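The values are calculated or read from the model by the stated rules, or taken from the named source; none is laboratory data. Note that this is a predicted model, so its numbers are computed, not measured. Positions of Cβ are generated from backbone atoms using ideal geometry, with glycine treated the same way; all protein chains shown enter the neighbour counts. Just the protein is used for accessible areas: all its heavy atoms, side chains included, with ligands, DNA and RNA removed. Shrake-Rupley method; radii C 1.70, N 1.55, O 1.52, S 1.80 Å.
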Amino acid sequence: MQRRIWLILILIIVLTSLLRLYRLNHYPSGLYSDEANQGYNAYSILKTGKDEHGIFLPVTLRSFGDWKPPLQTYLMIPFIKVFGLKEISVRLPGALLGIFSVVLTYFLVKKLTGAEKNSGKLTLLAAFLLAISPWHLHQSRSVMLVMVALFFFLLGFYSFLLSNKKAGFLYLCAITFALSIYSYYGMRLITPLFLLILLIMYYSWIKLNSKSFFKALLLGFFILLPLLLSFLKEPDTIFGRAKNVSVFSDQGVSLKLWELQSQDGVSQVRPKVSLFFHNKPYGYSIDILKRFFLHLQADFLFFKGDTAPPFKIPNMGVLYITEIFFLPVGVFYFLKKNKNRFVIIALLCLSILPAALTFMTPSHNRSFNAVIPLVFFMAYGIDVTIAKRILPKTILAILVGVIYLFSIYYYLNNYYVVLPNRESDQWLYGYKELVNYINLNDVKYKNIIFLPGTGMAYTYLLFYNQYPPDLFIKEAVRDYTPDRFGFEHVKGYNKYNFFEKERNNDQLRTIMGEGELYIGRENEIPEDLTKVKIFYPDGKVALRIGYL
Amino acid sequence: MKINLLLILVLGLVLRFGYLGSLPPSTEALLSGRFISAVSGFLSILLIYLFCRRYFNNKTLALFSALSFTLLPLAIVENRINSWVSVLNLGVIIFFLLLTFKNRWLNITGLVIFIIVVYFYRNNLWFFNNTLSVKPGNFFNNIFNLISFNKIFFSNDTYWAGGLRNYGMLYPESIILFLLGIYQFLRERKKLSIIIFSLIIIVIASASPTYPEAREAGLLMFPLSLIVGIGIQYFCEWFRKGKKPFFVIILTGIYSLILLYGIINFFHYYIIHYKLRVQQENLFINKNF
């Protein structure tokens, strides 16, 4: 029996690896700006010990002014050393950790379900469902920080559970939980709160191992010390971009409250009474609650997912539609029977909390940790459905298998055909081709100007040209003024200039000079000035190149 | 127990009949229709109590369900306008109540009353006047929209006159009670008839060619009040079982205050903001209002 389980697990690992490593450098098509930027920063640290801003061994990457947590970038360094600065080196750490997280989930579910008689099937099911999960696959194959965070978080959780038998695992728990905080912003909320819940749940045996626990806590604190010290120097290192996307920076709630208070005024309600009913704490609480539950609605989970690029999976949600039955069944039966239900529910709620605190909801990325409890529930749901014997067990198992086969095919078609061919703009396709063109022709031009629609084009120039980091640190012209989204731009380096101000066609005609190359999006360079076009795979224009 | 029921009925009386002609604003011609709705709503409170007494054999649950219906945002909105949904809802409750008796003639009487009410309001029910024209994709979309957290707790995306835009069918603060209630509800199979009824209403409303303006969804106020009532009872039973740590008692107290605050906030919104909107948009000109 045990041998059979190991064999199936190995097959699941093979499948997991195949799905995550297959043509990783080509799919998704196009390197997203965050991916290219992290890759270049890793390259810069490898070569000079400093990031693109000249900061030595940063504990937070300033990047585009969004202060990215650095762990994923540091993990890229050995791969860049071996493979060079390429798409594969940038994406491989996340993909590998995605594979390891599937294995980890197997052991975690086994630990959580304890000695239940179906634990073999349940654990394998959970690992399999995570292996084929569209949500998990999408994040494993990209560099959006959350895959690294999930792995270290799961390892921390598993180590904590193991420390019941051997207190030494508490040290591994401390290290990995601390590393998860270096991985992603959301973990700065999730990890401490989850640790608190674990303390409450398992207080009795922590009390027995209190010395080890406090030593481990101290170890975790020391690992986090550089981050805490950097906060004293630069407050943005702790929360960075979070403050630009938080609900509290969105005017929606404030405007609504203002409207209601004005109506109270018209109805001659006393100001203090009006404030009692219409106040920011209540207004924001309801708003956050609403955003929280958006992540548990069928629209997000099964039909549309996150529509914001680059997290959109065309024509589907973050889970397979076939799981629409198994998920509620799994939740129901799990809550009925399992002694660890509170921990899993707490994990689900905490996973969604960071996303609920932003105004860009529902969010595929910020609620990513929720994939683990959801997969757990779905595995439970399938296990229970088969055990209930509505149909003979074998027939039911085959039916479930066939349904999943179709679902996986549907997802793979959307991911490998629809997404790169019809929605490659999501992944900012075209910059590699642009850099190749510029490299072939740049001797002809004394200035190469990028119009605002090209976004963070500088990062692609650096990445694909493997521009010497020490040179870029000296040459880069920046004023560190954030735009309305909170991003900081490079104004220029070498002969490259990056316009921030939008210009219409007439203005462009006036300023264009001889020996200058202009690069812009579809609506930025008129047809008569466009000499070269870079197309998306579906034939639409990605970038225009113009010169006199 | 009787005093509790009396208090709930008095509350129901106030909430259904208090300022009925002016809240929301109205014309004299509408008063008779509104009065019928209010009477239906008030009677529904008593009948829900009686139904729960018999169906669940539990007086406390019956009180909680009746209280839940008394305070239900959807019920308050429907019971205070000229609403066929209120009357049809009463017919549904009578039907279920009479079904709880072992007497066949009472069962048949309940069914007949239900059929009469449905027939009387057949012009308002889409399936009497239209053919099924909703596309399968839209149908499933509508189902999941109707049972979404957004629709149940947070907002109302309809434009019909009685709807409060910033509220769903239930208070957002009652989410925990609702989830507890659903869980307990599904655990006991003898409540199958209520579950089946709820599913039928969801399907009918989702298949409506006018969705999200499908007023049939208002018939969910009966099962929703049961679910919340069950949730309250489960919560109270859990709280009473064994000695609870101090912080749990504090948290429960805080939650109760938040729930109370949410209910009071709803009534402020109903009395001030909803009234203002109705006045500004002249919604009471609509004869069904």
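Tabulated results
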item	result
Spatial separation of Cα centroids for region A:488-538 and region A:1-23, in angstrom	49 Å
Crossing angle, helix A:341-356 versus chain A [Cα axis fit, 0-90 degrees, rounded to tens]	20 degrees
Gap separating the Cα centres of region B:59-98 and region A:292-369, nearest whole Å	33 Å
Cα long-axis angle, helix A:187-201 against chain A (0 to 90 degrees, to the nearest 10)	10 degrees
Kirkwood-Stokes translational diffusion coefficient of chain A, alpha-carbon pairs, 4 °C, 1.567 mPa s, µm²/s	51 µm²/s
Chain A, helix-only ellipticity at 222 nm - DSSP H runs n ≥ 4, -39,500 (n - 2.57), divided by all residues, nearest 500	-18500 deg cm²/dmol
Radius of gyration and Dmax over the Cα atoms of chain B, both given in Å	18.9, 59
B/A buried area, accessible surface, summed, 1.4 Å probe, Å²	2300 Å²
Within the accessible area of chain A (1.4 Å probe), percent carbon and sulfur	65 percent
Cα long-axis angle, helix A:33-48 against chain A (0 to 90 degrees, to the nearest 10)	80 degrees
For region A:1-70, alpha-carbon Rg relative to the globular expectation (2.2 N^0.38 Å, N residues)	1.69
Dimensionless Rg over Rh [region A:224-371; C-alpha; Kirkwood]	1.08
Rounded percent of accessible protein surface that carbon and sulfur make up, chain B, 1.4 Å probe	68 percent
Rounded Å value of the spacing that divides the Cα centres of region A:83-100 and region A:168-210	27 Å
Å³ per residue enclosed by the Cα convex hull of region A:1-141	120 Å³
At least 20 Å along the helix axis (C-alpha) and Kyte average at least -1.0, DSSP helices within chain B	B:2-17, B:31-55, B:84-99, B:104-120, B:192-207, B:221-240, B:246-268
For the protein assembly as shown: accessible area per residue (Å², 1.4 Å)	45 Å²
Under 14 Å from the A:Lys336 label point (7 Å along Cα→beta-carbon), backbone N, region A:380-412	A:380-390
